[in-house]
Amino acid sequence: MRRFSLVLLTAGCAALAACNQQPPAQDKPAAPAAPTTPDKSGRPGPDLTTISDSNAVAVLTQYGQEHPETEVLFKTTFGNIRVRLYKDTPLHRANFLLLANKGYFDQTVFYRVVKDFVVQGGNSDHRTIRLHKYHLPPEIRPAYFHRRGALGMARYDNEKNPQRLSSSHDFYFVQGTKLPPAQAQASAGRSLTPAQVQAYATQGGVPSLDGQYTVFGEVTEGLDVVEKIANTPVDAYKWPLKDVEMKLEVLK
């Protein structure tokens, strides 16, 4: 199976950041209005091949205003995962809705599974839907942290990406492990609230990712499915031996 270049969360890298990636390219100024193409329901929306670093904020801001939905259903090989997207991470929410509505994620898999850490998806060897390379400004909110079931967006590493720009399509669900309060606090590198300390102790998570990556949603149903994906056998690249496919439906 071909291995493409990925934006990865890698436990072996400094600050658990992505390794071996190039910094975002400087795009030429984009046209004021992006062409539209129909989504899965036949409604018009931005053409994915026209979104770039130079127009992503404007395009996604408008799309988010036109699409207020916050509930998404993942239909996976192991069952369904219901997710709530946060309204106060508007660019990440709009971007995720756009890709879901366009059917992009329907052609992708969970391609990197690290047990007790994260399960990562949003790419595959067999996509036919074209996606221009673009990145998202970080929307890191202190209230949203990497507890079990958090939905976050992968990104490039700190040295090559000091602005912490997110990938446009590589996302992850947090699995993690339960951590004693002192260990969670030390791992986080920031002051945790009592509620966050309790969540890491009773639910689990990966506090070392806090403040480094944008968390823009959470699992509301189907955490057991995330666990099943996390326990699937993988190869040396952490790619599941049998593809874990997904279909996404925007609910409301």
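Computed quantities for the displayed model
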item: Of all residues making up segment 198-237, the number that are assigned to a loop (DSSP other than H, G, I, E, B) and of a type in the set (S, T, N, Q); result: 5
item: Test result for Leu73, assigned to a helix (DSSP H, G or I) and surrounded by 14 or more Cβ atoms within 10 Å (Cβ to Cβ); result: no
item: Verdict on Thr177 being hydroxyl-bearing (Ser, Thr, Tyr), closer than 17 Å to Phe145 by Cα and touching an Asp or Glu at 6+ places or on another chain (Cβ under 7 Å); result: yes
item: Total residues in segment 240-252, condition touching a Lys or Arg at 6+ places or on another chain (Cβ under 7 Å) and surrounded by 19 or more Cβ atoms within 10 Å (Cβ to Cβ); result: 1
item: Phe96 being assigned to a helix (DSSP H, G or I), touching a residue at least 12 places away in the same chain (Cβ under 8 Å), surrounded by 15 or more Cβ atoms within 10 Å (Cβ to Cβ) and among the aromatic types (Phe, Trp, Tyr); result: yes
item: Residue tally, condition over 21 Å from Ala56 (Cα atoms) and either more than 15 Å from the chain's Cα centre (by Cα) or of a type in the set (Asp, Glu) (or both), over segment 79-113; result: 4
item: In segment 175-197, residue farthest from Gly222 (Cα to Cα) [restricted to those that are touching a residue at least 60 places away in the same chain (Cβ under 8 Å) and assigned to a loop (DSSP other than H, G, I, E, B)]; result: Gly176
item: Residue selected from segment 188-209 under the condition among the aliphatic types (A, V, I, L, M), under 20 Å from the mean Cα position of the chain (by Cα) and within 13 Å of Ala150 (Cβ to Cβ), by the criterion surrounded by the most Cβ atoms within 10 Å (Cβ to Cβ); result: Val206
item: Top-ranked residue in segment 112-149 [being of a type in the set (D, E, K, R) and assigned to a strand (DSSP E or B); ranked as farthest from Asp88 (Cα to Cα)]; result: Arg112
item: When residues of segment 40-59 are limited to those that are in a loop (DSSP other than H, G, I, E, B) and of a type outside the set (Asp, Glu), the one surrounded by the fewest Cβ atoms within 10 Å (Cβ to Cβ); result: Gly42
item: Unmet requirement for Leu248, which otherwise passes all of (1) in a strand (DSSP E or B); (2) among the aliphatic types (A, V, I, L, M); (3) over 30 Å from Pro68 (Cα atoms); result: (3)
item: Yes/no for Ala236 being buried (at least 19 other Cβ atoms within 10 Å of the Cβ), over 21 Å from Arg93 (Cβ atoms) and either of a type in the set (D, E, K, R) or over 17 Å from the mean Cα position of the chain (by Cα) (or both); result: no
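This table checks each residue for (1) at negative phi; (2) not β-branched (Val, Ile, Thr).
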{"residue": "Thr128", "(1), (2)": "yes, no"}
{"residue": "Leu131", "(1), (2)": "yes, yes"}
{"residue": "Glu139", "(1), (2)": "yes, yes"}
{"residue": "Gly149", "(1), (2)": "no, yes"}
{"residue": "Ala154", "(1), (2)": "yes, yes"}
{"residue": "Ser166", "(1), (2)": "yes, yes"}
{"residue": "His169", "(1), (2)": "yes, yes"}
{"residue": "Gly176", "(1), (2)": "no, yes"}
{"residue": "Gln183", "(1), (2)": "yes, yes"}
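Residue-wise test of (1) surrounded by 14 or more Cβ atoms within 10 Å (Cβ to Cβ); (2) over 30 Å from Ile51 (Cβ atoms).
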{"site": "Asp170", "(1), (2)": "yes, no"}
{"site": "Lys178", "(1), (2)": "yes, yes"}
{"site": "Ala186", "(1), (2)": "no, yes"}
{"site": "Gly211", "(1), (2)": "yes, no"}
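We did not get these values from a lab; they are worked out from the coordinates using the rules stated. Since the model is a prediction, treat every value here as computed from it, not as a measurement. Glycine also receives a Cβ, built like all others from the backbone with ideal geometry; neighbour counts cover every protein chain displayed.
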